[in-house]
Each structure stands twice: as C-alpha cells, then as structure tokens.
Amino acid sequence: MEETLDKILRKYSPGKKDALIPLLQEIQRETGHLSDGSIAEVSRHMNIPLNKIYGVATFYDQFRFGTKGRYHIQLCRGTTCHVYRSSVLLKDAERILQVKAGQTTRDGKFSLEIVNCLGACANAPVMMVNGKAYGDMTREKMGKVLMKVIEIAK
Ligand code: FES
C-alpha cells in the first residue's frame, strides 16, 4: 500500500494545488478509498494543510473514506444518469441503507459510492451491486433491489 502511494505521489509536483483532485482520485482508484494515512501523506507531499484536503475531499461525494462493505453499491452520477435524476436515487439509497455516499455502515455490510460513469449510459440511470449492473432504475426498482440486498445480508 505504501509503495503504491509513493508511486502515485511521485507523479504530482508539490505545491500544485490544482492537482489535488486528480491526485485524490488516483489514490482512491488504486487503493479503494482515502485513508487518514494517505491524506496525511498527500498533505506532507503537496504542502497543503490537512483541513484543506479534508475540506475538498468531503465536498465531492465521489470520495470514500472507509473500506468497502460486504455489499458495495455504486450509483452513477455521470451526465446521462444525472439527467435521469440519479440524485433522487442517491437520496433514497442513503435513506434505505442508512449510510452516506462515500461511507460504509458500521457493521461493514454496506458501502455506497458515487461514480462518474458505469459505461452503460443507454440504460441510465444505472447502479451496481458488487459489480452487477442494474439499469433503467426507478425509485421503486432501486428500492426493491436494495431491500433484497438487505435481506440477503442478514
Ligand atoms: S452516465 Fe451513468 S452509466 Fe454513463
């Protein structure tokens, strides 16, 4: 993990504040989430105060701070899915799963992640559960899928 982080950090010049989001995105892509340790390393390397980094990372709900849950739910907020009101689905998913986007439930069962495009725009809005895609989602359809997942997870 440390080696991966070092490799990523070396690609970004210290002090370049506009590189912060791409850097955090790359760390998340490679390690699955943003740990306190990796954020501290970013702060040291980029010479950006910790609170500034947390401020940026918490502003964008694409970032995850915990490890994935046993059931990892991804909701697409890419342009097409956004047009098809994926933001309403997100609110429902947060309520049903009792978890905020970018977080994992305390029992480790569920994690919810916002993603930019799941590559299935023709079936927008799209969500994935542990890599299985569900397209043409409505509030009702998504509710049924999530209730089934909750049932299985018991
Ligand atoms: S924008 Fe959602 S799948 Fe492409």
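The values are calculated or read from the model by the stated rules, or taken from the named source; none is laboratory data. Everything numeric in this text was worked out from a predicted model, so none of it was measured. Neighbour counts are summed over all protein chains in view; Cβ atoms, including those assigned to glycine, are modelled from backbone coordinates with ideal geometry. To get the accessible areas, we keep the full protein, side chains included, count just its heavy atoms, and leave off ligands, DNA and RNA. Shrake-Rupley method; radii C 1.70, N 1.55, O 1.52, S 1.80 Å.
When you go through (1) open to solvent by 50 Å² or more (accessible area, probe 1.4 Å); (2) polar (S, T, N, Q); (3) part of a loop (DSSP other than H, G, I, E, B) one by one for Asn51, which number turns out not to apply?
Tallying (1) open to solvent by 50 Å² or more (accessible area, probe 1.4 Å); (2) polar (S, T, N, Q); (3) part of a loop (DSSP other than H, G, I, E, B), Asn51 fails exactly one: (3).
Any idea how many residues of the range 75-85 are touching a strand residue (DSSP E or B) at 6+ places or on another chain (Cβ under 6 Å) and in contact (Cβ under 8 Å) with a residue 40 or more places away in the chain?
Matching residues across the range 75-85 total 2.
Test each condition in (1) buried (at least 20 other Cβ atoms within 10 Å of the Cβ); (2) more than 16 Å from the ligand (Cβ to nearest atom); (3) hydrophobic (A, V, I, L, M, F, W, C) for Ile152 and report the one that comes out false.
So Ile152 meets the others, but not (1).
Among the residues of the range 115-149, which ones are more than 16 Å from the ligand (Cβ to nearest atom) and open to solvent by 40 Å² or more (accessible area, probe 1.4 Å)?
Asn130, Arg139, Glu140, Lys144, Met147, Lys148
Regarding the range 110-124, can at least one residue be identified that is charged (D, E, K, R) and either out of contact with any Lys or Arg (no Cβ under 8 Å at 6 or more places or on another chain) or more than 30 Å from Asp6 (Cβ to Cβ) (or both)?
No: zero hits.
For the range 85-102, which residues satisfy the criterion of being crowded, with 20+ Cβ neighbours inside 10 Å and out of contact with any helix residue (DSSP H, G or I) (no Cβ under 7 Å at 6 or more places or on another chain)?
If the condition is that a residue be crowded, with 20+ Cβ neighbours inside 10 Å and out of contact with any helix residue (DSSP H, G or I) (no Cβ under 7 Å at 6 or more places or on another chain), then Ser86, Leu90, Val99, Gly102 are the ones that fit.
Residues Thr58, Thr80: which one is open to solvent by 20 Å² or more (accessible area, probe 1.4 Å) and modelled with pLDDT under 90?
From the options Thr58, Thr80, the qualifying one is Thr58.
Quick one: Leu112 ticks every box in (1) open to solvent by 100 Å² or more (accessible area, probe 1.4 Å); (2) within 16 Å of the ligand (Cβ to nearest atom); (3) among the hydrophobic types (A, V, I, L, M, F, W, C) bar one, so which box is it?
Checking Leu112 against (1) open to solvent by 100 Å² or more (accessible area, probe 1.4 Å); (2) within 16 Å of the ligand (Cβ to nearest atom); (3) among the hydrophobic types (A, V, I, L, M, F, W, C), the one that fails is (1).
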